[in-house]
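Notes for the one structure printed next.
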Amino acid sequence: MDLPTAAAHGVALTERVIAAVEADPSRLDLGPSPWAGPRVSAAPAPPPADAVFPSGRPLPPSLRRWLAFDGELLRRCGWFGPGHRFTPRTLGRLARDEFGDGWGACFEPLSARFDECFLLPGGSDSRRVLATGSVDAYGEYPVFALDVDDLPCVELMYPGLDVYLADAAGLVTRGGPGYSALADDPAYGPRMRTHARQVFAGEFGEECLG
């Protein structure tokens, strides 16, 4: 992890991402993307219709700050509908939309647990998904990887949108293989373990066998 501890989380980390992207818009590396054109417009999104998600859960601090900076990245991922209202999907619905009914059906049993999800850029055969629910000490929701290579699974990848964005901007180094490599990071390991306890009974992922 390349940042001082005091600036490694939440809004402070998101501010560092924004400063890096303002200095070099191409710095935000989000992997394969089906979209042409700039990923970031540096034009703020219109304020959400409500200060909460449709479930009533609060927005994480990193998302509030990012939306004040840019509205393009998440709009392209289908986060918003008419009137700039949030348009979440269950995990099963999102997986069906992304992988088709065959593979997507494997994730349907997890929809009750992950009932409010949003797609993020990244991955090729895999997908990145922010799922609301319980928060960590910084008020952030976890970001998961959905994978259908070999056995379909959902695995904790980032402890929040703040760290997802920082990794994409090259401000955080994910040392080691595997989606959950940050579990061993001195700064992010505690947050990863908090989410693991809250959603996977202490594990970092779960196979999805339909």
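The values are calculated or read from the model by the stated rules, or taken from the named source; none is laboratory data. Keep in mind that this is a model prediction, so the values were computed, not measured. Cβ sites come from the backbone with ideal geometry, for glycine too, and all protein chains shown count toward neighbours. For the accessible areas, the whole protein counts, side chains as well, though only heavy atoms, and no ligand, DNA or RNA atoms are used. Shrake-Rupley method; radii C 1.70, N 1.55, O 1.52, S 1.80 Å.
Between 151, 13, 73, the GNM of the chain built on Cα springs shorter than 10 angstrom shows 151 fluctuating the most. Extension gain, residue 209 to residue 181, is 7.7 nm, computed as 0.36 nm per intervening residue step minus the present C-alpha separation.
Compared with the alpha-carbon gap, the fully stretched path from residue 124 to residue 19 is longer by 35.1 nm at 0.36 nm per residue. Extents of the chain, largest first, come to 44, 42, 32 Å (Cα atoms, principal axes, whole angstrom). For the chain, carbon and sulfur atoms together expose 52% of the accessible surface, with a 1.4 angstrom probe and every protein chain in place. Using a simple spin-label model with pseudo-atoms 7 Å out from Cα toward Cβ, residue 85 and residue 111 lie 2.0 nm apart. Summing charges over all other residues whose Cβ lies under 10 Å from the Cβ of residue 169, with Lys and Arg as +1 and Asp and Glu as -1, gives -1. Entry comment: accessible area of the range 90-183 is 33 Å² per residue, from protein heavy atoms only and a probe of 1.4 Å. Once backbone amide H atoms are built at 1.01 Å from N, residue 157 has 143, 144, 145 as its partners under 5 Å, excluding neighbours fewer than 5 places away on the same chain. Cys residues of the chain that find no other Cys beta carbon under 4.7 Å: 77, 117, 153. Once you order the gyration tensor axes a ≥ b ≥ c over the Cα atoms, which shape class does the range 82-129 get: rounded for a/c under 1.5, otherwise prolate or oblate by comparing a/b with b/c? Since a/c reaches 1.5 but b/c is at least a/b, the shape of the range 82-129 is classed as oblate. The range 64-174 gives an Rg/Rh value of 0.95, both radii derived from C-alpha positions and Rh following Kirkwood.
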